[in-house]
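Working notes, beginning with the structure itself.
Values in this text are rule-based calculations from the coordinates and carry no lab data. This one's a predicted model, so the numbers in the text were calculated from it and none came from an experiment. Neighbour counts run over all protein chains shown; Cβ positions are idealised from the backbone, glycine included.
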Amino acid sequence: MSDVERDIDAAERALGLEPLRGEDREGRAAREAWDLRFAPLLDAVEPVAPPDGLLGRIEARIEALTDKDGTVVELARMRRRLRLWKGTAAAAASVAAALALWIAVPANDMPARYVAVVTSDADGTAGMIIEFDTGSGLATVIPVGLTAPEGRALEMWQLPNGAERPHSLGLLPDTPVERRTIQAGPGDVFAISFEPPGGSPTGQPTDPRFHGTIVQVE
Amino acid sequence: MPTGATTTGVGATKPFDGPRFPIDSTMRRGDAAAVTEADDDIDALLGAVASQDRAAFRRVYELTSAKLFGISLRICRDRDIAEEALQIAFLDIWRQADRFDPARGPGMAWVSVVARNRAIDVVRRRGRERNRSVDDGETALQSVPDPRQATDGGVDHMALVACLDELEEHVRDMVLRAYYLGETREDLAARFDAPVNTIKTWLRRGLQSLRGCLDR
């Protein structure tokens, strides 16, 4: 199927002729672009006073949602923080680009997005963001303002969910893009440690400084 | 660079006690202050809603609910269904405000699209009886608004109106009926007395012309 045809498919979904369910990430981006192209049309729609008490009913549903499932709110907060951090990464674009690498994760029938935000144990600042896209089977690692102290190297670690000991994912590379294959899943913990040049001499992190786990965001 | 000597976690013998996310209370205070200054700026209000600011959410409701109910009602054609769709739309706005990106379009457009897409979703799931849209005659709610009458008047709006005018009249009418009234291909097939596949072909050609015109 050509790019144009895919884009017309997206336009059909934006018009409401086809369901939005089952969109992959590219399909969603293309449809949202059409949403915005058509949006000026909605300006011509006459406003109609909504039923009395509607705001109260909506707020009651928000309360119910928050009480029953605080994680919904937590996820919204986390997505926001993630965006702020990505802004930080973009500000330090040269650093981020220099260290970006890809990790393959198992592709999945149900595309979902997961992130791991690996934060400093000392002050909670983000050190590294890993975005997992199970649709494409790729994860992007974005170091955020990470610099190793003089004479030390930064080493990445993974503690698979349920495992007792972490294993090394190697040193953060100096090369712009690097591909490595790993298995990853929900509940895995990622960490960064300070190590001697060349990596940990023991095979275990000697001075771990940053931790974070994978959370599903959509 | 942090210098703390905490070693809890991956290398330690005791179990990792979960991720430590930063506490962003200063950030949220900052947003709350921005709201009082922002007044009726929907873009800024949505930024505050993304930080779970309920006062900002109520203000967004006050500023947009009549427009969004109008959008929902045209598609749902039933006050109760339109209200249900609008309730879910505002829950979406509450939960997904962090997805709004002012660089891509104005906040009013974003909330309008949320309301429209939710109304379409609710109507499709309820499986509205198809004939109703065709046999009810032209009530006020079933008339197609004239995009040229919109007050937006921005460059994007003018381009869209001009490009829609370049379509063949019946195709333009179909696009607007699908967009404003949520009509399906089957609805359009009945109205224009043509097979569903023909409607599909006409609409795809129309959308392709529209795409070419808007990219010019």
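General observations
- Likely footprinting exposure, A:D52, B:D187, fewest C-beta neighbours within 10 Å first: A:D52, B:D187
- Other protein chain C-beta atoms within 10 Å of residue C-beta, averaged over A:14-25: 5.
- Inter-label distance, B:R104 to B:Q208: 2.7 nm, where each label sits 7 Å from its Cα along the C-beta direction.
- Panel order for A:S193, B:S143, by other beta carbons found within 10 Å of each beta carbon, from fewest to most: B:S143, A:S193.
- Average beta carbon contacts from partner chains per residue of A:50-59, 10 Å cutoff: 6
- Neighbourhood net charge (12 Å Cβ-Cβ; Lys/Arg +1, Asp/Glu -1) for A:D3: -2
- Once both labels are positioned 7 Å from their Cα atoms along Cα-to-Cβ, the gap between B:S143 and A:E164 label points is 7.7 nm.
- The dipole here belongs to the range B:142-216: it is taken about the Cα centre, uses +1 on the Cβ of Lys and Arg and -1 on the Cβ of Asp and Glu, and is about 260 debye.
- Taking B:C163, B:C76 and counting other C-beta atoms within 10 Å, the order from fewest to most: B:C163, B:C76
- For B:T198 and A:E63, a Förster radius of 51 Å and the Cβ-Cβ distance give a FRET efficiency of 0.55, rounded to the nearest 0.05.
- Calculated FRET efficiency, B:H170 to B:A55, Cβ-Cβ distance, R0 = 41 Å: about 0.30 to the nearest 0.05.
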